Amino acid sequence: MAAHNELGQAGETAATQYLLERDYHILERNWRAHPHEVDIIADDFGEIVFVEVKTRRTDRWESPEAAVDRYKRDYLSQAALTYLRQKRMGNVPFRFDIITLVGEAPPFEIQHFKNAFSLIHPNSHLHHDQQHRFL
């Protein structure tokens, strides 16, 4: 396995442990529904949390959370909607968190950005009048 994959897996394991220590209930790890994937899906006292984990050896050039750009937020929004639809959880509150981990290996420097961004509507790139045609 490539070193960056090992670092990523170690980061996801550390992020999972971090959430468990804060009384989150882990529902899924590396949940997939083609073409989507979510690193961690957790329950925080009745609120579903979709967690993107970013692990970096250093934050010297760019902060790990900066990697969660508009494209990634859109991708995670679509994944969340797919998950909620599959699990028939349409009325459950949910949010998007980012957990960043910096370091060569555990123990990592961890930051948790709760409610890091809002749901991006599937057709948000369209003009308002065009969106209604897809709803």
Revision key, fill the gap. Tilt, helix 3-21 to longest principal axis of the chain (alpha-carbon atoms), in degrees rounded to tens, equals 80 degrees
Check your understanding: What value, in deg cm²/dmol to 500, does the helix sum -39500 (n - 2.57) over DSSP H runs of n ≥ 4 give at 222 nm once divided by the residues of the chain?
Key -> -9500 deg cm²/dmol
Revision key, fill the gap. With x for Gly and Pro, the residue-by-residue ³J(HN,Hα) of region 65-70, computed from phi through the Karplus equation 6.51 cos²θ - 1.76 cosθ + 1.60 at θ = phi - 60° and given in whole Hz, is 5, 5, 6, 8, 7, 4
Check your understanding: What whole number of Å gives the distance from the Cα centroid of region 1-44 to the Cα centroid of region 58-75?
Key -> 17 Å
Review point. Which of the aspartates and glutamates could a cross-linker span from Lys72 if the Cα-Cα distance has to be under 15 Å and same-chain partners fewer than 8 positions apart are dropped?
Key: Glu37, Asp39, Glu52, Asp97
Exercise for review: Of the DSSP beta bridges with both residues in region 3-126, give the percent that are antiparallel, rounding to the nearest 5.
Suggested key: 65 percent
**Study point:** Shape box of the chain [Cα atoms, principal axes, largest first, Å]
**Key:** 49, 33, 27
Check your understanding: Taking the Cα centre of the chain as origin and charging only Cβ (+1 Lys, Arg; -1 Asp, Glu), how large is the dipole, in debye to the nearest 20?
Key -> 460 debye
Revision key, fill the gap. Simple SL model, points at 7 angstrom along Cα→Cβ for Asp23 and Glu47; separation in nm is 1.4 nm
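All of the numbers you see were taken from the coordinates with simple rules; none came from a lab. These numbers were taken from a predicted model, which means no experiment stands behind them. Using ideal geometry, Cβ is built from the backbone for each residue, glycine included, and neighbour counts are taken over all protein chains shown.
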